[in-house]
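Any read-out appearing in this document is the output of simple, stated calculations on the displayed coordinates, not a laboratory observation. Here the structure is a predicted model, which is why all the values come from computation and not from measurement. Virtual Cβ from ideal backbone geometry, glycine too; neighbours counted across all protein chains shown.
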Amino acid sequence: MMAKLRQKAASIALILGFFVFWELACLALGVSDIILPRPSQVFYTLFSRWPAIMPHAAQTLYTTLVGFAIGVAIGVCLGALIGSSKIAYDTAYPLLVGFSSTPKIAVVPIFVLWFGAGTVPAILTSIAISIFPVVVNVSTGLATTEPELEDVLRTLKARKLDILWNVGLPRAMPYFFASLKVAVTLAFVGTVLAETVASNRGIGNMMMIASSTFNVPLVFAGLFVLATLGICLYVGFSLTEKHFTGWANRKSEIVTV
Amino acid sequence: MLRKWAVRHEREQATSVGALATTRSDRGTRDPLIEFESVTLAYGRGESAVRALDKTSIKIGEGDFVALVGPSGCGKSTILKLVGGLISATTGYVFVAGREVGAEDVRIGMAFQNPTLLPWLTVRQNVMLPLKIVQPFRSGWGSKRKTEYRDRAEALLAQVGLSGFGDKHPWQLSGGMQQRASLCRALIHDPTLLLLDEPFGALDQFTREELWAVLQELWLTRKPTVILVTHDLRESAFLANRIVVMSARPGRVLEDETVPFERPRNIAMTYDAAFVALNQRLRSLIVEVRAGSEVSLGAAA
């Protein structure tokens, strides 16, 4: 318990130290705020311009979450479909790898071409980018389920859906949560990029405009907002993960009689 | 002994060629619960295929307690998997309750060599799993799982000495305790057919004998049909009504022994002369088959 607290304190100290170092280095070297603003300037901008930043942050969060949610839903369905049979898994895997290794960033212009500038391409990019980690992980989790565990239900004459629900999906949970943490950070990348390229709202757009007017502290403020959002979602999923997949990260406490 | 086996084998081959109807009706009045008709099972295909079972025909009556013994790899577990519908025969037929396996309406409970408890469920949730799947319990799952079903699971856990462990996760239990929980899971839905694949193999002798008594008690009160696969000849003679001795791979039925001892049996009885004699006879039979299979392997090489 003490060791855990100490470790947490060290982590916080490191983060604070990073900002202090940044601040002092900028002051000592006399770096102009057009090149690299000091953290204090960034935070000042963040608070003083918050009414202007807020709608952009909300837009980005909204776009990301909608895209992420749809992407995860599609990903789970596709993953369940592909992972539920060995043949489907072996057949679909090469195509899946092909899709997931294509830089999704490159499809943004295509989405803009199809749907015009605005919220839709951003959501689509976020979907496209968050589907594949989920599909790959869920299908791998299902495909690697121990046949012995499925046999337990098969002798009970369980339906295929029962087996999926009671064995396959719980077994795939650790894989699923690992993919969520990857997917949610990627979804932000997708949204912000699409906003940068073609949108009139969102943090990506705000940073774009701010940089064109050399308002560098505002650019960094946008960056801070993105980092905060990303961290919050990541932590949220980590906590949910602990709740659902505690069995996979067990400690060796054996009870004997 | 070997000549007797050869004759029987020829006869089996002869009947397997004949019509199904004659084979099924020639053995008395009551239809058996389980019937193997000249079942062959090969794992894999072509050159690399391993034949686990060769033209095996077995009948098991309802309410019977049959032990399958034999050398390793003789297809004992394969027979259980066939009855449980986990694999299907390469050739031949497996009937359960007069219908081809899988189509029958028989509640099956199965305990495997490994405990195979689901790691994300607690011990109690694992034991209750069949109630969630199998009718008529399935319909009551929503309303009774916190009351009646829970008590049912606790009662069974207590019977095998696991009261108070219901809320633990399987990995917090020792191997023997996991095996006991798995036995509870095989029994909770009151199966009419119980398939046991060396369920006591990993337990120490005292626990094992304790559980023999539990299983015998259970069989005497509920009269399920039991097929028990075991390496332990004492276990087979203590528990079963019938001992089927299998040959080395590919497995065939070599000997079908009726166990005459009175029920309920107790551990002291296992040191009686008659019991020991039966054990010795079975043992020498299996030793003989094993030796035979080693010789034939040597010849092949």
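Quick rundown of the values:
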read-out: Relative contact order %, chain B, counting alpha carbon pairs below 8 Å whose residues are six or more apart; value: 23
read-out: With Cα atoms, 0 to 90° folded angle of helix B:273-300 axis to chain B main axis; value: 60
read-out: Compactness of region B:122-260 as Cα Rg over 2.2 N^0.38 Å, two decimals; value: 1.14
read-out: Number of partner chain Cβ atoms within 10 Å, mean per residue of A:145-155; value: 6
read-out: Between 0 and 90°, nearest 10: helix B:2-17 axis offset from chain B longest Cα axis; value: 80
read-out: DSSP-defined antiparallel bridges as percent of all bridges, the protein assembly as shown, nearest 5; value: 50
read-out: Helix axis angle, B:205-222 relative to chain B longest principal axis, alpha carbon, degrees; value: 90
read-out: Sequence of B:C184, A:C232 once ranked by neighbouring C-beta atoms within 10 Å, starting from the fewest; value: A:C232, B:C184
read-out: Relative contact order of chain A, defined on C-alpha pairs under 8 angstrom at six or more residues apart (%); value: 25
read-out: Residue-by-residue Karplus 3J(HN,Hα) for region B:101-112, coefficients 6.51, -1.76, 1.60, Hz, glycine and proline x; value: 3, x, 8, 6, 10, 10, 7, 10, x, 9, 10, 9
read-out: Distance histogram for chain B (every C-alpha pair counted, 10 angstrom bins, percent rounded to whole numbers); value: 6, 26, 33, 24, 10, 2, 0
read-out: Net charge dipole size for chain A [Lys, Arg +1 and Asp, Glu -1 on Cβ; Debye, nearest 20]; value: 360
read-out: Inter-label distance for B:S139 and A:Q7, nm, one decimal - labels placed 7 Å from Cα along Cα-to-Cβ; value: 5.3
read-out: Contact order relative to length of region A:13-158, as percent, for alpha carbon pairs under 8 angstrom and 6 or more apart; value: 30
read-out: Footprinting exposure proxy for A:W114, A:W22, A:W165, B:W212 (fewest neighbouring C-beta atoms within 10 Å first); value: A:W114, A:W165, A:W22, B:W212
read-out: Compactness index (Cα Rg / 2.2 N^0.38 Å), region B:255-295; value: 1.44
read-out: DSSP H segments from chain A that extend 20 Å or more along their own axis, Cα-based, with Kyte-Doolittle mean of 0.0 or above; value: A:2-29, A:50-83, A:86-101, A:119-143, A:169-197, A:216-244
read-out: Calculated FRET value between A:W114 and B:K223, using beta carbons and R₀ = 51 Å, to 0.05; value: 0.15
read-out: Over 30 Å between alpha carbons, listed pairs A:K157/B:K223; A:K86/B:K81; B:K59/B:K146; value: B:K59/B:K146
read-out: Cα-only Debye scattering, region B:46-178: base-10 log of I(q)/I(0) at q = 0.09, 0.11, 0.12, 0.14 Å⁻¹; value: -0.38, -0.56, -0.66, -0.86
read-out: Calculated Rg and Dmax of region A:151-257 using C-alpha coordinates, Å; value: 21.8, 73
read-out: Distance from region A:1-78 to region B:32-100 (C-alpha centre basis), Å; value: 65
read-out: GNM top mover of B:T40, B:T116, B:T221 - chain B, alpha-carbon springs below 10 Å; value: B:T221
read-out: GNM top mover of A:A187, A:A210, A:A28 - chain A, alpha-carbon springs below 10 Å; value: A:A28
read-out: Region A:61-245: translational diffusion in µm²/s, Stokes-Einstein, Kirkwood Rh over Cα pairs, 10 °C, 1.306 mPa s; value: 90
read-out: Structure-based [θ]222 nm, the protein assembly as shown - -39500 (n - 2.57) summed over DSSP H runs of at least 4, per residue, nearest 500; value: -19000 deg cm²/dmol
read-out: Lysines whose Cα lies under 18 Å from that of A:K181, excluding same-chain neighbours fewer than 8 positions away; value: A:K104, A:K242
read-out: Radius ratio Rg over Rh of the protein assembly as shown, counting only Cα atoms, Kirkwood formula for Rh; value: 1.14
read-out: 10 Å Cβ neighbours from other chains, averaged over peptide B:112-119; value: 4
